[in-house]
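Taking it in order: structure first as structure tokens, then the write-up.
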Amino acid sequence: MGEIYGVRESYIQRGNSRILVFESLENNKDPFRWIYDYKGMLEEQLLKYGGVLLRNFNVRAVSEFNKIVQIISPNLLDYVYRSTPRTRLGGKIYTATEYPADRIIPLHNENAYSRSWPEKIFFFSILVADHGGETPIVDSRHVYNRIDSRVKDRFEEKGVLYVRNYRLGMDLSWQEVFQTRNREEVESYCTKNDITFAWDCGPSELITRQVCQASLVHPQTQEKVWFNQAHLFHVSSIDSESKASLIKEYGLDYLPRNAFYGDGSPLEEEVLNHIRRIYEDEKIVFGWKRGDIMVLDNRLMAHGRQPFKGERKVAVAMA
């Protein structure tokens, strides 16, 4: 615990994982000056803890959030090759994933289903739900260390294959995922990113396949992190009734999305459940307050979303 020029330092902790909290003690504090002055310190703490929560910094508007993000990371990313629905709020600021309020969004590192991803992800709490709606986080280093070594070896040897089937009216359209209606632009993106593709195959307008990493070595800390979305893309991530219905209607080869070992062999459900239990055991959950800004190193820290009641609005930026 400490204090840095009117900002109190504390932690939200669970087990070995914790996130650093900087809470302003001055309601009229100029957040931009503080962020500018302590940007270097924030970067150091982000590498140590994986996440930093800024609280009571007198930030109310998306434009102010954007200004803070720009001070820390001026090179923001567009959300291309999407896996979830979002709305652009202006510039390169988006809504958090727009899934139904009663659904959990499993813990994941952003874009870990691809070979390119943001280094940082920023969250801004605009409206706090009446109940629930937390953004749980988990340290990907601890997840990696707790996974059975035989499971890790198999994943790291083979990688993860992600298969996506695009068809009208089911999941995201290819036009939304690739942010274009031009097939040649889709093909160019796929070719550049080693994604195999096939148009008008069976019931699907487009099928894509890509083999990606199971883990990473963080380039700055040199620590190993678990970094994939096999547990989220795999058909076992949905409820049994929906799973049976999709398989009956489309067959295993044409599900909207699925994951395999990199050589195409099936992932064992018990292995994925082992990984899911570790995420659950390690996750940190805290209640949002209006105006909170959370900064995560996207490789060190995974995030998700709890179900909620009432109106909830969280803005997101990636850098």
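The values are calculated or read from the model by the stated rules, or taken from the named source; none is laboratory data. Everything numeric in this text was worked out from a predicted model, so none of it was measured. Cβ placement follows ideal geometry from the backbone for every residue including glycine, while neighbour counts extend to all protein chains displayed. Accessible surface areas use protein heavy atoms only, side chains included; no ligands, DNA or RNA. Shrake-Rupley method; radii C 1.70, N 1.55, O 1.52, S 1.80 Å.
All of GLY310, GLY304 fail the test of being touching a Pro at 6+ places or on another chain (Cβ under 7 Å) and either touching a residue at least 40 places away in the same chain (Cβ under 8 Å) or of a type in the set (Val, Ile, Thr) (or both), apart from GLY304.
So which residues in the stretch 299-316 are open to solvent by less than 20 Å² (accessible area, probe 1.4 Å) and closer than 14 Å to THR135 by Cα? Matches in the stretch 299-316: MET301, ALA302, HIS303, GLY304, ARG305, VAL314, ALA315, VAL316. Candidates ARG86, ARG18, ARG8: the one that is of a type in the set (D, E, K, R), part of a strand (DSSP E or B) and in contact (Cβ under 8 Å) with a residue 40 or more places away in the chain is ARG18. The residue list ALA230, ALA319, ALA214 contains one member that is under 30 Å from LYS192 (Cα atoms), under 17 Å from the mean Cα position of the chain (by Cα) and surrounded by fewer than 21 Cβ atoms within 10 Å (Cβ to Cβ), which is ALA319.
Screening PRO31 on (1) under 28 Å from TYR94 (Cβ atoms); (2) open to solvent by 60 Å² or more (accessible area, probe 1.4 Å) shows it passes everything except condition (2). Report whether or not PHE123 is within 27 Å of LEU42 (Cα to Cα) and aromatic (Phe, Trp, Tyr). Yes.
Among the residues of the stretch 180-227, those that are part of a loop (DSSP other than H, G, I, E, B), in contact with a strand residue (DSSP E or B) (Cβ under 8 Å, 6 or more places away or on another chain) and either over 19 Å from LYS120 (Cβ atoms) or of a type in the set (Ser, Thr, Tyr) (or both) comprise ASN193, ASP194, ILE195, PRO203, ALA214.
Look at ARG33 and say whether it is assigned to a helix (DSSP H, G or I), free of Cβ contacts under 8 Å to residues at least 40 places away in the same chain and charged (D, E, K, R). The answer is yes for ARG33.
For the stretch 130-156, the set of residues classified as touching a helix residue (DSSP H, G or I) at 6+ places or on another chain (Cβ under 8 Å), of a type outside the set (Lys, Arg) and open to solvent by less than 30 Å² (accessible area, probe 1.4 Å) consists of VAL138, ASP139, VAL143, TYR144, ILE147, VAL151, PHE155, listed by residue number.
From the list LYS313, LYS289, LYS283, the one residue that fits, being within 22 Å of PHE57 (Cβ to Cβ), in contact with a Leu (Cβ under 7 Å, 6 or more places away or on another chain) and not aliphatic (A, V, I, L, M), is LYS313.
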